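Notes follow the structure.
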Amino acid sequence: MANLTTLHLPHLPDVPVHVAAFKDVRNAAFLRQQLIEGNREFEYAFLDCATILSTRHVLAAVFRAMNDARYGRLKSRNVHSEVVFCLSGNNNIVDSFRYFGLTPTTTSLIAIKIPSIPSNPSNTITQTPPQEAPSNSLSPNTISSHLLAAVEGTPIPFTDKALTRFTDLGRVRKVYKVGGMGKGKGKIEMNGGNGVEEE
């Protein structure tokens, strides 16, 4: 079974967010091709761990994408592609996918599955109590099984400790245009959940 983590963000407690991470991935090119072809069975936000700093980094993008989906402000095709777009510091969707999405050489990835989000076109803030998932929604077991069958890699936990092993700080600096901090791949360590420090 994949190390699938199911989360509920406070502003949409009735919408589960399913997240799994993998290392030693051998079929990133295949997964990327499924996304390009629009294969609905592969409707996930696939992220390359090399440009991810922490779980908080991922969840900030998920929060924004879910909010944009709820209020009809998506700039991309769906909530999953919006997660990838929301990681970027600019408005270029192509760059977002180039820097944060899968490439044929990706060896560690995060897969995020978000079911449909109830829209709120009036843009009013409402408190929606948690509800039971509809019977036709994907269960965590179904998602986990599909990912295990589709991703040729080793499941890892969705934790800061596991993810930061794969972060390429040189690449992150380049993507976010942060200069003067040294070069190359560095090891990062979470400091009490408050930020990232180089070792």
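The values are calculated or read from the model by the stated rules, or taken from the named source; none is laboratory data. Remember, it's a predicted structure, so these values are computed and weren't measured experimentally. Virtual Cβ from ideal backbone geometry, glycine too; neighbours counted across all protein chains shown. In case anyone asks, the SASA skips ligands and DNA or RNA and just uses the protein heavy atoms, side chains included. Shrake-Rupley method; radii C 1.70, N 1.55, O 1.52, S 1.80 Å.
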(request) Compute the distance in nm between two label points, each set 7 Å from the Cα along the Cα-to-Cβ direction, one at I36 and one at N78. (result) 1.9 nm
(request) Using a 1.4 Å probe and counting only protein heavy atoms, arrange E41, E152, E82 so the residue with the most accessible area comes first. (result) E41, E152, E82
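If Rh is defined by the Kirkwood formula over all Cα pairs and Rg also comes from Cα, what ratio Rg/Rh do you get for region 1-125? Walk me through the numbers on the way to the answer.
Values: Rg = 14.0 Å, Rh = 14.8 Å.
Across region 1-125, the Cα-based Rg/Rh ratio is 0.95.
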